[in-house]
Amino acid sequence: MDRLVFINESIKQKLSLAENEALEILILTYPLTRASADTTNGFQQSQTPEISIDLDISLDGEGSSVLIRQASLVAGETELSTRVSIEHNAKKCRSNLLSKCVLSDRTSKSSWQGNVLINPGAKDTITYEENRNLLLTQGAKAQSEPNLEIFEGDIISAGHASATGRFEYEQLFYLMSRGIDERTAKSLVVRGFLLGALADVSITEAELEHFEQGIEAVLEEK
Amino acid sequence: MNVLEIEDLQVGVDGKQILNGVNLTVNEGETHAIMGPNGSGKSTLAYSIAGHPKYDVLHGSIKLNGEEIQDLTPDLRAKAGLFLAQQLPTEIDGINLSNFLRAAVNAVTGTQINVRDWVKLLQAEMSNLKIPVEFANRSVNLGFSGGEKKRTEILQLKLLKPKFAILDETDSGLDVDALKIVGEGVNAAKGEQGFGTILITHHTHLLDYIKPDFVHIFANGKVLESGGAELAENVIKNGYSNWL
Ligand SMILES: Nc1ncnc2c1ncn2[C@@H]1O[C@H](COP(=O)(O)OP(=O)(O)OP(=O)(O)O)[C@@H](O)[C@H]1O
Ligand SMILES: [Mg+2]
């Protein structure tokens, strides 16, 4: 299985998958503190005010498949825009896209668009796309648009879901009323939410650790 | 002996006074049932004891073993030994039940339970309360049915072993079997831990399982009359008209 990893960078790519080709794509976006950026090579400095993720994937060969996992922590005045398009052009192709985003500040923004297109002839397709956002403060904005267009009658399943929730005081109180202090409560919720998107994708320990540092850094500033 | 003492407690919410001088003393091992009409301030009392900042204590005191706890944040009150089973338990996306409860148990006991022991302990307690094991990996309360949420509150009670437990209408929304499971669960926890209980309820069903030592009639933000189990029967038969 091929694997593509994009960490803290804007991307614009078009990919075509051939017969039986399987691809995994991991997209992580999170702010780095100066300290973590200095000590780690190979990761670009974030968080620039605008990050754009633009991916076009064509499943052109029979039996090809793509699994995409995106976890983003958008802080400060950053605006993350994501557009992922997946075209099913052949039989027995699979696509699965899960994207989770936490917005930590009043000024943080995310817009997300997932376009799944099942063209005539793409029989026995299985596809699923989901986008979930968690707002930590009032004012943060998340737009979510999962689109699904189906032009083939003989498919197995096609699902899409989207939800935006807020971490509210009642939730913090509930955790605290069980003995958990405020800082730990926030960290548990944000980490649990984002790492939930990474459960079934390959990720190295270094990538994961660095991501978790980014999360802690944002919460530290709060 | 542990004792929770509430003295002349007056509490306001958003500028409106809800509690008008509550007096209540609960000793270790005792069960106090509180019954009162809708909107009389029972949940307000529960939240005030647990330390929800929305509720302003205007007057009076809440003492745990002689120490005033009003200045403690909710997490410190939990560590001091208080537990509130909420009337409407909050849903939290992002954190699964197992990780949440492990963090809570670690915080309250001040130890770090290892993952293996934890999984065993959690599974044993979940099975006692007939909560399916896969709930451990679901987000806390998210999408749980009303009854499932209530059982999960009792699971927490058993794991956190408080000195005093406030159960705010833990019996409402439970089916007959669940009522029995919850009643027996609370009794088992009481047997092991001997905590004092404040049990807020509208029915006597749960009181069939958990025998109250005292029943308090609560209306207009205060305790109007206290007595034994017969007081509960009286309420069920005649309603609150005698007190209003
Ligand atoms: N933010 C608020 N502003 C004004 N009044 C409030 C506010 N929050 C609660 N109240 C009022 O406080 C009163 C007491 O509410 P509480 O939830 O304590 O009642 P309760 O006795 O638990 O009722 P129930 O049996 O229905 O659970 C109610 O009249 C309620 O409307
Ligand atoms: Mg109530």
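Every number in this text was worked out from the coordinates using simple rules, so none of it is lab data. What you see is a predicted model, and the numbers here were worked out from it, not measured in a lab. Methodologically, a virtual Cβ is constructed for each residue, glycine included, from the backbone with ideal geometry; neighbour enumeration extends over all protein chains shown.
Net charge in the neighbourhood of A:Lys92 (other residues with Cβ under 9 Å of its Cβ; Lys, Arg +1, Asp, Glu -1) is +1.
What percent antiparallel are the DSSP beta bridges of chain A, to the nearest 5?
Taking every DSSP beta bridge within chain A, about 0 percent pair in antiparallel fashion.
In deg cm²/dmol, rounded to 500, what helix-only [θ] at 222 nm does chain B give when every DSSP H run of at least 4 residues adds -39500 (n - 2.57) and the total is split over its residues?
Per the formula, -11500 deg cm²/dmol.
For segment B:1-90, trypsin sites (Lys or Arg not before Pro) are listed when DSSP marks them as loop and at most 16 other Cβ atoms sit within 10 Å of their Cβ; the list is B:Lys54.
Fraction of C-alpha pairs exceeding 25 angstrom in segment A:2-220: 41 percent, rounded to a whole number. Specify the angular offset, from 0 to 90 degrees and rounded to the nearest 10, of the alpha carbon long axis of helix B:97-109 from the longest principal axis of the alpha carbons in chain B. The angle comes out at about 70 degrees. Hydrophobic, long helices, defined as DSSP H runs whose alpha-carbon span along the helix axis is 20 Å or greater and whose mean Kyte-Doolittle value is at least -1.0, occur in chain A at A:205-221.
Rounded, prolate or oblate: which fits segment B:38-117, taking a ≥ b ≥ c as square roots of the Cα gyration tensor eigenvalues, rounded meaning a/c under 1.5, else prolate when a/b beats b/c?
Values: a/c = 2.91, a/b = 1.52, b/c = 1.91.
Oblate shape, in that a/c is at least 1.5 and b/c is the bigger or equal ratio.
For A:Lys141, a cut-off of 17 angstrom between C-alpha atoms picks up these lysines, skipping any fewer than 8 places away in its own chain: A:Lys100, A:Lys109.
Restricting attention to the protein assembly as shown, close to 20% of DSSP beta bridges with both partner residues there are antiparallel. For A:Ile86, the amide hydrogen comes within under 5 Å of the amide hydrogens of A:Ile57, A:Asn115, A:Val116, A:Leu117, counting only partners 5 or more places away or on other chains and with H modelled in the peptide plane. Classify the protein assembly as shown as rounded, prolate or oblate from the Cα gyration tensor: take a ≥ b ≥ c as the square roots of its eigenvalues, call it rounded if a/c is under 1.5, otherwise prolate when a/b beats b/c and oblate if not. Verdict is prolate for the protein assembly as shown. Calculated FRET efficiency, A:Glu9 and A:Ile156, Cβ-Cβ r, R0 30 Å, to nearest 0.05? The calculated FRET efficiency here is 0.30. Potential lengthening of the chain between B:Asn2 and B:Ala188 amounts to 65.1 nm, from the contour at 0.36 nm per residue minus the alpha-carbon distance.
Electrostatic tally near A:Gly121: other residues with Cβ closer than 13 Å to its Cβ, Lys and Arg +1, Asp and Glu -1, net -3. Among the GluC sites (Glu not before Pro) within segment A:74-111, those in coil by DSSP and having at most 15 neighbouring Cβ atoms inside 10 Å are A:Glu77.
Of the GluC sites (Glu not before Pro) found in segment B:54-146, those that fall in a DSSP loop while having at most 16 other beta-carbon atoms within 10 Å are B:Glu91. Taking amide H as placed 1.01 Å from N in the peptide plane, the amide H of A:Leu73 sits under 5 Å from that of A:Thr29, A:Tyr30, A:Val102, each at least 5 places away or on another chain.
Counting only DSSP beta bridges whose two residues both lie in chain B, roughly 60 percent are antiparallel.
What net charge is computed for the residues neighbouring A:Asp60, neighbours being all others with C-beta under 10 Å from the C-beta of A:Asp60, Lys and Arg scored +1, Asp and Glu -1? The partial results should precede the final answer.
Values: positive: none; negative: A:Glu19, A:Glu21, A:Glu62, A:Glu87.
Summing Lys/Arg as +1 and Asp/Glu as -1 gives -4.
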